[in-house]
Amino acid sequence: MSFVSDDFVLFFLVVCIGYFAIPYRFRWGLLLGSSIFFYAYWRIDYLLLFVFVIAVNYLCALLISRTANEHKTLRRLLLGIALSASLGTLFVFKYFNFFIEPFNDLLAQFGVNNQIRILNILLPVGISFYTFQAFAYTIDVYRRTIPAERHFGIFATFIAFFPQLVAGPIERASHLLPQFRQEKKFNYAGAVNGLQIKVYPIVKTAK
């Protein structure tokens, strides 16, 4: 779903209205559901990969936070698992073909005919942003900079949050995570200003 499409304008307005229409303690659920819909609207078959990165970083960070600093080997192992899930996924989908072509050329110079196949896969939307954001969170937990988020739904919302999912910026957990628990009051002047800044240019471009 493009940010400059009519579908996104309708989607955005429905989410905004729903957000302020329900009790604040349930708003993270609306944001998570709408973010998953936003991602699946592009391509639903990559949704499992998206959930995989979220789940691995959630579990690893939670276990890291519960492991004493004295157990350095276990903490580093858990960090390595999160690194493999996040950056490994990014490498396979974004950089594998880039490196495999010169590698195959090198093999050919040594007479090796059994070359590695190029992957015929489409790059998942937002993969750079959500993998780095997830792993950066796990690093912060590893360093004891922030506590691990125990609520899986809120953590998933932090990674999947649709306004910054496909175009960034990469948000620090210390800045964004607490906001999903805060009660936001509707501000008419702020809403009008936001519509003028964000929605009006989108509508104008879509036309």
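Just so it is clear, none of the values below were taken in a lab; they were calculated from the coordinates. All figures in this text were calculated on a predicted structure; none of them were measured in a lab. Methodologically, a virtual Cβ is constructed for each residue, glycine included, from the backbone with ideal geometry; neighbour enumeration extends over all protein chains shown.
Okay, here's what the table says:
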quantity: Percentage relative contact order, the chain, counting C-alpha pairs under 8 Å, at least six apart; calculated: 32 percent
quantity: Listed residues SER65, LEU78, ILE100: farthest to the positive end of the dipole of the chain (Cβ charges); calculated: SER65
quantity: Student exercise, segment 117-199 dipole from Lys, Arg, Asp, Glu Cβ charges, in Debye to nearest 20; calculated: 60 debye
quantity: Charge dipole (debye, nearest 20) of the chain; +1 at Cβ of Lys and Arg, -1 at Cβ of Asp and Glu; calculated: 640 debye
quantity: Pairwise label distance in nanometres, TYR41 with SER174, each label 7 Å out on the Cα-Cβ vector; calculated: 3.4 nm
quantity: Cβ crowding within 10 Å averaged over residues, with 143-152, 177-186, 85-94, 156-165 ranked highest first; calculated: 156-165, 85-94, 143-152, 177-186
quantity: Packing-based ranking, highest mean first, of 122-133, 38-49 given that Cβ atoms within 10 Å are counted; calculated: 122-133, 38-49
quantity: Packing-based order for 18-28, 50-60, using average beta carbon neighbours within 10 Å, highest first; calculated: 50-60, 18-28
quantity: Rg and Dmax of segment 6-206, Cα atoms only, in Å; calculated: 20.3, 70
